[in-house]
Structures are given as C-alpha cells and as structure tokens.
Amino acid sequence: MIPVFSVIGLFITSLLGIHTDSDKLVNLFGKGDASELSVYFNASMQLAIPGKEGVYSKAQARMILDDFFENNKPVSAKLSSKGNSENGAQYVNITLSTATETFKVSVFYRGKDTKLKIHELKIEK
C-alpha cells in the first residue's frame, strides 16, 4: 500500500511542474542552449565532444558546447538512463537527436537543484 502522503506529493509535484535534475538536464539539451547549461558547469570540467576532448574552464566549455549546438541543432532529447556512479557522482545518459545525427550524451554531476554542478560531459556519435 502506498502512503497517502507520497501520492499527494507526487500529485502536487506534477501539478506544479517540478522536475528532477535529470529532467532538467534532458530539457536543457533538447533546447540546445549552451548558456543555460553552463550555469550548472563546475569551474573546470572534463568535456569530450567529437573533435575535442580535455579539461576546460567553465567559459571554454560553454564556447565549445555553443559551437557544437550551432553545428548540431537539437530536434529532441530523451532520457536513456540515470543513476549513481562508483565515485559518488550522479549520471544521466541522454539520446540527443539533431537534424542530421543522433548522439549519446553522458553527464556526470554532483549536488542537486541550484547546487547541481556538472564535472564531466561526453557527447558521442
């Protein structure tokens, strides 16, 4: 039997449009807005996209991701999986469809809500 408070909480959450961190990340990738995504970047982060890989500052990662979205306009983004990694971080895997290709996006982050910080981001064909 499901506790009444849990059911009421889920109902209120759905009415208010409150999303989990994984939902937030999927939506941001679907929009293809590097500026909005970069709000959640760590001060420096591991970034790997086709043609570029390394540790970048928040500003550098934003520019690289902005260029990626400029060349690969998102059509849709769907959650593939999510969970916790061995080192205590959380991860989300996203299938990102663009006008020309489909990419697998892996995001590793710590924290939640406004304190969410992405420390690793991979985009693969």
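The values are calculated or read from the model by the stated rules, or taken from the named source; none is laboratory data. Every value quoted in this text rests on a predicted model; they were computed, and no experiment measured them. Note that each Cβ is placed from the backbone with ideal geometry, even for glycine, and that neighbours are counted across all protein chains shown. For the accessible areas, the whole protein counts, side chains as well, though only heavy atoms, and no ligand, DNA or RNA atoms are used. Shrake-Rupley method; radii C 1.70, N 1.55, O 1.52, S 1.80 Å.
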(request) Give the Cα extents of segment 79-125 along the principal axes, in whole Å, largest first. (result) 34, 23, 16
(request) Between D33 and K112, with labels modelled 7 Å along Cα→Cβ, what's the label distance in nm to one decimal, could you check? (result) 2.4 nm
(message) I need the phi-derived Karplus couplings for segment 102-107: 6.51 cos²θ - 1.76 cosθ + 1.60, θ = phi - 60°, integer Hz, Gly and Pro marked x.
(response) 10, 10, 9, 10, 10, 10
(request) Compute, for E53, the solvent-accessible surface of its heavy atoms (probe 1.4 Å) with the complete set of protein chains present, and express it in square angstrom to the nearest 10. (result) 140 Å²
(message) I'd like the Karplus ³J(HN,Hα) series for segment 74-91: coefficients 6.51, -1.76, 1.60, θ = phi - 60°, whole numbers in Hz, and an x wherever there's a Gly or Pro.
(response) x, 9, 7, 9, 10, 5, 9, 6, 8, x, 10, 8, 4, 8, x, 7, 9, 9
(message) Through the Karplus equation 6.51 cos²θ - 1.76 cosθ + 1.60, θ set to phi - 60°, convert the phi angles of segment 45-58 into ³J(HN,Hα) values in whole Hz; use x for Gly and Pro.
(response) 8, 7, 10, 9, 10, x, x, 9, 7, x, 9, 10, 6, 4
(request) Mind listing the long-range amide H neighbours of K82? Cut-off is under 5 Å, sequence gap 5 or more, other chains count too, H placed in the peptide plane at 1.01 Å from N. (result) N93
(message) Going by amide H atoms built from the backbone, whose H comes under 5 Å of the H on V75, apart from near neighbours?
(response) S97, T98, A99
(message) Under 25 °C and 0.890 mPa s, how fast does segment 37-116 diffuse according to Stokes-Einstein, given a Kirkwood radius computed over C-alpha pairs? Answer in µm²/s, whole number.
(response) 181 µm²/s
